[in-house]
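The values are calculated or read from the model by the stated rules, or taken from the named source; none is laboratory data. The structure displayed is predicted, hence computed values, not measured ones. Methodologically, a virtual Cβ is constructed for each residue, glycine included, from the backbone with ideal geometry; neighbour enumeration extends over all protein chains shown.
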Amino acid sequence: MSDKTILRALRGEVLPTPPVWMMRQAGRYLPEYRATRAQAGDFLSLCYNSELAAEVTLQPIRRYGFDAAILFADILLLPQALGVDLWFETGEGPRMSTTTTPAELAALKGCDDIHDTLAPIYETVRILRRELPSETTLIGFAGAPWTVATYMIAGRGTRDQGPAHALKATDRATFAGIIDRLTEATVEYLAKQVEAGAEVVKLFDSWAGSLKGQDFEDFAVAPTARIIAELKARFPGLPVIAFPREAGEGYVGFAKKTGADCVAIDNSVSAEWAAAKVQTDGCVQGNLDPKHMVTGGDALVEATRDVVRAFSKGPHIFNLGHGITPDADPENVALMVETIRKG
Ligand code: CP3
């Protein structure tokens, strides 16, 4: 059994100091990331350049000694591998060709035809397994089907996921077909990441919070449960982190219903609430408000200690409640890590 701290926490061990990493830890707040990105050209070129993607993954590990590295890639590479056109508008975010009709669904590639496009991502994983320090855990990831579907259906990011909700209401068969195709493709994508050396996988369901009632069960819980069951059948003991962001009450029982080893918590719920309602089922990850990485100071130290204290009686991986933002100060990240490790 590995004694890496993240893997111990994922097995349910309560550690004296929680292991720590950050969502979007390789990113624009770091000058060395901006320099490598300029060298690569645009964001997608960086994702598909295995050497440079590995380099930006390693940058925050060198700077802060985080307990985990997360593969540098994006959740929207999978639809691109399924045949969707994807590009990023500077300052605005992702744009895609839309998938909303039976014909467009039928035109998507099969799940075994994604690997030519995604081969550079698997190569990034192999480089990282060679180059990461022996104590650092390598996390692979994918978007959860619902969140990826919201981008495929709208052709862009949306505030309320309106187009995806509309398709769900008007053409349930096509909507469910998109979710099914993504569920199957996500299994194949993550399986290749694990074969290449990812030790943990994480499913990002950033828009889970907009699914209510039975929709949450059908399109957040069920696809996640299917992906996890299939991966664990192929890779017994593989730890999985699920992040149904802003699920609120939906966090309660989510690990049991899906088979996830750890549930990542956003900062719309308090650490005390999550400790009482979610950590009782196993490891949790989270949930410092990323705004503290911008504002820093005593408030950052206090809030960091509060999160550590709230989760100290159960298995916990320290993280932010969402990704670090480009306007964050790298010194504040150092202060957070020091506060966690020195108590
Ligand atoms: O966490 C990590 O450091 C690993 C790499 C990673 C990225 N995106 C890199 C990235 C991961 C895990 C993601 C996940 C992702 N991507 C999500 C789910 C998590 C979340 O944030 O809710 C979503 C919804 C996406 C789609 C996406 N990618 C959007 C909406 C954007 C534009 C918004 C933005 O922040 O600019 C991206 C771009 C993106 N993905 C960047 C990075 C570092 C910024 C790209 C750049 O300009 O350099």
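All of (1) more than 8 Å from the ligand (Cβ to nearest atom); (2) surrounded by fewer than 20 Cβ atoms within 10 Å (Cβ to Cβ); (3) of a type outside the set (Gly, Ala, Ser); (4) part of a loop (DSSP other than H, G, I, E, B) hold for Leu52 with one exception: (4). Ile153 passes every criterion in (1) over 25 Å from Ala264 (Cβ atoms); (2) buried (at least 23 other Cβ atoms within 10 Å of the Cβ) apart from (1).
Since Thr90 meets every condition but one in (1) under 17 Å from the mean Cα position of the chain (by Cα); (2) more than 21 Å from Gln193 (Cβ to Cβ); (3) not aromatic (Phe, Trp, Tyr), which condition does it not meet? Looking at each condition in turn, Thr90 falls short on (1).
When only residues in segment 16-46 that are in contact with a strand residue (DSSP E or B) (Cβ under 8 Å, 6 or more places away or on another chain) and among the hydrophobic types (A, V, I, L, M, F, W, C) count, which is farthest from Asn287 (Cα to Cα)? Give the steps one after another, and end with the answer.
Going residue by residue through segment 16-46, those that are in contact with a strand residue (DSSP E or B) (Cβ under 8 Å, 6 or more places away or on another chain) are 18-23, 25-26, 42-44.
Now restrict to residues that are among the hydrophobic types (A, V, I, L, M, F, W, C): 20-23, 26, 43-44.
Numbers: Val20: 11, Trp21: 11, Met22: 10, Met23: 11, Ala26: 18, Phe43: 27, Leu44: 28 Å.
This residue is Leu44.
Regarding Arg181, is this residue among the basic types (Lys, Arg), at pLDDT 95 or above and surrounded by fewer than 18 Cβ atoms within 10 Å (Cβ to Cβ)? It is false that Arg181 is among the basic types (Lys, Arg), at pLDDT 95 or above and surrounded by fewer than 18 Cβ atoms within 10 Å (Cβ to Cβ).
Restricting to segment 230-264, name every residue that is aliphatic (A, V, I, L, M), touching a helix residue (DSSP H, G or I) at 6+ places or on another chain (Cβ under 9 Å) and not in a loop (DSSP other than H, G, I, E, B).
The answer is Leu231, Val240, Ile241, Ala242, Ala255, Val263.
For segment 295-313, filtered to residues that are outside any helix (DSSP H, G or I) and more than 22 Å from the chain's Cα centre (by Cα), the residue that is nearest to the ligand (Cβ to nearest atom) is Gly296. The number of residues in segment 262-272 that are more than 14 Å from the chain's Cα centre (by Cα) and crowded, with 17+ Cβ neighbours inside 10 Å comes to 3.
Across segment 23-46, the qualifying residues are those that are surrounded by fewer than 16 Cβ atoms within 10 Å (Cβ to Cβ) and part of a helix (DSSP H, G or I), and the one among them that is nearest to the ligand (Cβ to nearest atom) is Phe43.
Of the residues examined, Ala247 is not one that is surrounded by 20 or more Cβ atoms within 10 Å (Cβ to Cβ), under 18 Å from Val269 (Cα atoms), touching a Cys at 6+ places or on another chain (Cβ under 9 Å) and not polar (S, T, N, Q). Set side by side, the residues Asp160, Asp74 differ, and just one is under 18 Å from the mean Cα position of the chain (by Cα) and either assigned to a loop (DSSP other than H, G, I, E, B) or without any contact (Cβ under 8 Å) to a residue 24 or more places away in the chain (or both), which is Asp74. The residue pairs whose first member lies in segment 174-198 and is in a helix (DSSP H, G or I), whose second member is modelled with pLDDT under 95, and whose beta carbons are closer than 6 Å, counting only pairs six or more residues apart or on different chains, are Glu184/Cys111; Ala185/Cys111; Glu188/Cys111. The C-beta contact set for segment 294-312 (first residue in contact (Cβ under 8 Å) with a residue 60 or more places away in the chain, second residue surrounded by 14 or more Cβ atoms within 10 Å (Cβ to Cβ), distance under 7 angstrom, 6+ apart or interchain) comprises Val308/Pro18; Val308/Phe318; Val308/Ile340; Phe311/Pro18; Phe311/Ala271; Phe311/Ala275; Phe311/Gln279; Phe311/Val284.
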